[in-house]
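Colleague: I'd like to ask you about the structure that follows.
The values are calculated or read from the model by the stated rules, or taken from the named source; none is laboratory data. Predicted model, so just to flag it, every value in this text is computed and none were measured. Quick reminder, even Gly has a Cβ in these numbers, built from the backbone with ideal geometry, and neighbours come from all protein chains shown. Each accessible area value is taken on the protein alone, full model and side chains, heavy atoms only, with ligands, DNA and RNA left out. Shrake-Rupley method; radii C 1.70, N 1.55, O 1.52, S 1.80 Å.
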Amino acid sequence: MLLGALMTHLTNYAMERQRKKHELVTRWDTKKLDAYEGYIDRVRASIFLGVQLFEHRVGIRPSDKAEQEMLEELAEAARQRGRAFERIMLLGGDEVVEASHGLNAASLEVDWQATGKIAGRVEDWRERNRAVFRAINDFHEAARTDLGVDGSVMGEQHPERDLLLPPARRDDDSHT
């Protein structure tokens with residue numbers, strides 16, 4: 001009888017411990033997913049504000065907003081992106097952290113050309129945007145792996161898309 005009670009107690013203890021461990025993993029996965037989603041949202045917001053500013057500055061698509069307002073919006077978006085990046089540093093797995101470093105570097109180049117901190121032609125701009133979206137895909141892959149999500153967002157079934165800017169005009173390369 002004592003042996004039966006001891007076995008029941010040990011079984012219940014092991015099951016409860018496993019349940020708590022599963023709850024903890026689930027809780028952290030939820031926090032990670034929120035952090036990953038928030039980070040990508042902030043990155044994409046910065047990119048789109050950078051596109052708006054760059055296109056205005058080079059005359060591809062003039063904006064009704066003043067350039068100073070667009071610069072302020074981009075600066076705020078970059079600040080928010082930085083805050084979201086810090087959550088990745090706290091919660092992300094090793095591969096996610098590395099992918100976020102690459103994504104940060106690529107998105108900073110977009111910001112810098114948009115604001116004129118670095119020069120470049122429209123084709124340089126397009127390549128920077130392609131690079132940042134490749135870095136987003138790399139981040140997605142790392143995050144999916146970290147969260148245990150099956151499948152991939154890259155590869156033969158998911159070709160690279162180039163929908164960043166309107167088709168090039170002959171005079172686009174004259175813009176800096």
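Colleague: If the requirement is being farther than 25 Å from ARG61 by Cα and at pLDDT below 95, which of these qualifies: GLY148, GLY82?
Modeller: It is GLY148.
Colleague: Another question, if that's okay. Considering only region 1-35, how many residues are open to solvent by less than 90 Å² (accessible area, probe 1.4 Å), at pLDDT 75 or above and aliphatic (A, V, I, L, M)?
Modeller: 1
Colleague: Separate question: Using the structure shown, decide if ALA75 is within 23 Å of ALA131 (Cβ to Cβ), in a helix (DSSP H, G or I), at pLDDT 95 or above and open to solvent by less than 30 Å² (accessible area, probe 1.4 Å).
Modeller: Criteria not met by ALA75.
Colleague: The conditions are (1) open to solvent by 50 Å² or more (accessible area, probe 1.4 Å); (2) at pLDDT 95 or above, and LEU103 fails exactly one of them. Which is it?
Modeller: For LEU103, the failing item is (1).
Colleague: Could you say whether any residue in region 107-124 is buried (at least 19 other Cβ atoms within 10 Å of the Cβ) and at pLDDT below 95?
Modeller: Taking every residue of region 107-124 in turn, at least one turns out to be buried (at least 19 other Cβ atoms within 10 Å of the Cβ) and at pLDDT below 95.
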